[in-house]
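Worksheet for the structure shown next.
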Amino acid sequence: MADWIAVAQLTDCPPGAALEVVASDRIVALLNVEGTIYALDGVCPHQGGPLGRGKLVGCALTCPWHGWQFDARTGQHQLSATLVQPSFPVRVVGITIEVDIGQPE
């Protein structure tokens, strides 16, 4: 069963932006890659850095603390094939961005 939570408006996360939001009790990184919104677990697995406050270039998200990089679309770490940051389903209803935190993908 989906657990959709409204977390932001489209204007809060324009193309090329990363945004840190809270959905229920989870920190989520919202990422706008060329107009498509993605959501990753917002806590970097390295040392807990805030991924939603990182820099997004194309589809590469860089953690602001130590530079770990992830593909914003899939959560795949850029250097380690075995490390994937959990992602969450996203939908846009009107201008509202909703994230389903029920079960990471």
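Loop-located chymotrypsin sites (Phe, Trp or Tyr not before Pro) in the stretch 12-105 (DSSP state not H, G, I, E or B) with no more than 15 neighbouring Cβ atoms inside 10 Å: Trp65. Positive contributions from Lys and Arg (+1) and negative ones from Asp and Glu (-1), summed over other residues with Cβ under 15 Å from the Cβ of Gln47, come out at 0. Computed 3J(HN,Hα) for the stretch 2-14, one whole-Hz value per residue from the Karplus formula 6.51 cos²θ - 1.76 cosθ + 1.60 where θ = phi - 60°, is 6, 10, 6, 10, 6, 10, 6, 9, 4, 5, 6, 9, x, glycine and proline marked x. Applying a 4.7 Å cutoff between beta carbons, the unpaired cysteines of the chain are Cys13, Cys59.
The residues of the stretch 2-66 expose on average 49 square angstrom of accessible surface per residue, using a 1.4 Å probe on protein heavy atoms.
The apolar share of the surface of the stretch 20-59, taken as the fraction of accessible area on carbon and sulfur atoms (1.4 Å probe, ligands and nucleic acids excluded), comes to 45 percent.
The values are calculated or read from the model by the stated rules, or taken from the named source; none is laboratory data. On a predicted model such as this, the values are computed, not experimentally measured, just so you know. Here Cβ is always computed from backbone atoms with ideal geometry, including for glycine, and neighbour counts include all displayed protein chains. We work out accessible area using only protein heavy atoms, side chains counted, and drop any ligands, DNA or RNA first. Shrake-Rupley method; radii C 1.70, N 1.55, O 1.52, S 1.80 Å.
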